Amino acid sequence: MSGARLLEGQLEARGRKVAVVAARFNDFIVASLLKGAQTAWARHGGALEDLLVVRVPGAFELPVTARKLAASGRYDAVVALGCVIRGGTPHFEYVAGECAGGLQRAALETLVPIIFGVLTVETVEQAIERAATGEGNKGGEAMEAALEMAGVFAELGS
Ligand code: INI
C-alpha cells in the first residue's frame, strides 16, 4: 500500500539493554546458541555492560525467569535460549510446550518482547545444524529478532 506509514525496527544494539536467559540442559548446543547471540549483540554495536546473561537449569525454567526479567522494566527485550530434543526425552511435549506457551504468556503479560530462541528438534544432528557458527545460528537470529522488536516497541512508545 503506497503512502501508508511504515514502522520497522532496525538491527541496532547501541543504547539498548537486553537480557538473555539460557538453559544449562543440553549445554553442548545451548553454549553455541549463546555465543551466536553474544556475537550478534556485539556485531550490532551493543555494549558488554548492557547485556545480561542468566543461566537456569532447563527449558522449563525459562518462562518464569524471562517473565521476572521482563517485569523488572530494565530490559528492552529478553532472549530465551534452550534446546529440547525429542529423541532424548519422553517429556518432550511437556517441556517444549510449556516453555513455548510460558514464554508467550510472559511477553503478553509484561508487554516486553520475549524472543523464542529454543530449539525443539527431533535429533541431535538437527540441533547441531541450527547451532553452528555463523549464518543460521538460531541464537544469533534470536538476538536480531530481539533488536528488531526493541526498535519497534521504542517507536510504538508506551
Ligand atoms: N530441559 C531442556 O532444556 N531440554 C530438554 O531436552 C530436557 N529434557 O530432555 O527433559 C529438559 N529437561 C529439564 C527441564 O527443563 C527442567 O530443568 C527440569 O525438569 C527441572 O524443572
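Place a +1 charge on the Cβ of each Lys and Arg in the chain and a -1 charge on the Cβ of each Asp and Glu, then give the dipole magnitude about the Cα centre in debye, rounded to the nearest 20.
380 debye
Express the C-alpha Rg of the chain as a ratio against the empirical globular expectation 2.2 N^0.38 Å, rounded to two decimals.
Relative to the rule-of-thumb radius for its length, the chain sits at 1.02.
First compute the accessible area of the chain with a 1.4 Å probe, then give the percent of it belonging to carbon and sulfur atoms.
54 percent
Over 5 Å intervals from 0, what percent of Cα-Cα pairs in segment 1-83 sits in each interval?
All Cα pairs, binned at 5 Å, distribute as 3, 14, 23, 20, 18, 10, 5, 4, 3, 1 percent.
Could you give the length gained by full extension between Thr133 and Arg43, i.e. 0.36 nm per residue of separation minus their alpha carbon distance, to one decimal place?
31.0 nm
Restricting attention to segment 81-158, which GluC sites (Glu not before Pro) occupy a DSSP loop and are surrounded by at most 16 other Cβ atoms within 10 Å?
In loop regions of segment 81-158 (DSSP not H, G, I, E or B), the sparsely surrounded GluC sites (Glu not before Pro) are Glu122, Glu135.
Within the chain, which is the longest segment containing none of the trypsin sites (Lys or Arg not before Pro) that sit in a DSSP loop and have at most 14 other Cβ atoms within 10 Å?
The reported range is 75-158.
Can you compute 3J(HN,Hα) from phi for each residue in segment 35-46, using the Karplus curve 6.51 cos²θ - 1.76 cosθ + 1.60 with θ = phi - 60°, rounded to whole Hz and x for Gly and Pro?
4, x, 5, 5, 5, 5, 4, 5, 4, 9, x, x
At 1.4 Å probe radius, can you tell me the per residue accessible area of segment 28-73 in Å²?
Dividing the accessible area of segment 28-73 by its residue count gives 51 Å².
Which Cα, out of Ser2, Thr133, Ala40, lies furthest along the positive dipole direction of the chain (beta carbon charges, K/R +1, D/E -1)?
Ala40
The values are calculated or read from the model by the stated rules, or taken from the named source; none is laboratory data. The model shown is predicted, which means the values in this text are computed figures rather than measured ones. Glycine gets a Cβ as well: all are built from the backbone with ideal geometry, and neighbour counts include every protein chain shown. Please note that ligands, DNA and RNA were not included when accessible areas were found on the heavy atoms of the full protein model with its side chains. Shrake-Rupley method; radii C 1.70, N 1.55, O 1.52, S 1.80 Å.
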